[in-house]
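Only the coordinates and a few stated rules stand behind these numbers; no lab work does. Bear in mind the structure is a predicted one, so any value in this text is a computation, not a measurement. Quick reminder, even Gly has a Cβ in these numbers, built from the backbone with ideal geometry, and neighbours come from all protein chains shown.
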Amino acid sequence: MTVGLEPRGFTWVIARRLAVSERIGGYGFQHRRVRREEEIAWLQANGINAVLSLLDGNQNLAAYEKAGLLGANEALPELTVDGVKRVLKAMSRLLSKPDRVLLVHRDVIDDTLAGVLAGYLVHSGRIEEPIMATALIQEILKRPLGPEARAIIPLTAGA
């Protein structure tokens, strides 16, 4: 029996440890409270216990916490080295607990989010070469990374 509704664009980046999706409940005119509740139920049923939002505001944080998920926000309105380093530190902190399963989202899965994910693979030491992290994220997300995202990935090592 399936519980809830799978979030749009949901994909595992690191199996059963780090996932990505579009904003829970949709974004803009598409956002619906009922859809958000269904997607949160799906996340819980699939082992997600923490959500990191990269949106400008704290949308949905109260809903995550009410459902028993750890909710965190690190606004990343644009792709900058300092912003990405701040997000990588938050991801590392959240994933420092071995039982933590993290979902990271923005409104949509765009170059900024893809660049952060590739950067995390380098930053965490899971992949040494930025070009390999880029190739892997492109394969996982089934989309190419633009030049801004590609340029930021090498700068995340040791961030």
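Ranking of Asp107, Asp99 by neighbouring Cβ atoms within 10 Å, starting from the fewest: Asp99, Asp107. Legend: calculated FRET efficiency, Asn58 to Val3, from the Cβ-Cβ distance at R0 = 22 Å, rounded to 0.05, equals 0.25. Farthest toward the positive end of the dipole of the chain, out of Asn60, Asn46, Gly119, is the Cα of Asn46, where the dipole comes from beta carbon charges about the Cα centre. Each residue of region 63-79 is assigned a 3J(HN,Hα), and the resulting list reads 5, 4, 5, 4, 7, x, 8, 6, x, 9, 10, 9, 4, 9, x, 8, 7 Hz, derived from the Karplus form 6.51 cos²θ - 1.76 cosθ + 1.60 (θ = phi - 60°), x at Gly and Pro. Per-residue 3J(HN,Hα) values for region 94-105, derived from phi via the Karplus relation 6.51 cos²θ - 1.76 cosθ + 1.60 with θ = phi - 60°, read 5, 8, 5, 8, x, 9, 7, 10, 10, 10, 10, 8 Hz in sequence order (x marks Gly and Pro). Report the local net charge at Ile131: Lys and Arg +1, Asp and Glu -1, summed over other residues whose C-beta lies under 14 Å from its C-beta. Local net charge: -2.
For region 49-55, putting each phi into the Karplus relation 6.51 cos²θ - 1.76 cosθ + 1.60 with θ = phi - 60° gives couplings of 10, 8, 10, 10, 8, 9, 6 Hz, in residue order, rounded to whole numbers and with x for Gly and Pro. Calculated FRET efficiency, Arg33 to Glu128, Cβ-Cβ distance, R0 = 35 Å: about 0.20 to the nearest 0.05.
Other residues lying with their Cβ under 13 Å from the Cβ of Glu38 contribute a combined charge of +2, Lys and Arg counting +1, Asp and Glu -1. Highest average first, the peptides 70-80, 44-54 ordered by how many other beta carbon atoms sit within 10 Å of their residues are 44-54, 70-80.
Annotation: extensible slack from Ala151 through Arg86 equals 21.7 nm (criterion: 0.36 nm per residue apart, minus Cα-Cα distance).
Counting other Cβ atoms within 10 Å as a rough exposure proxy, the listed residues Ser92, Ser124 run Ser92, Ser124 from fewest neighbours to most.
Seen from Ala114, the other residues with C-beta closer than 13 Å to its C-beta sum to a net charge of -1, counting Lys and Arg as +1 and Asp and Glu as -1.
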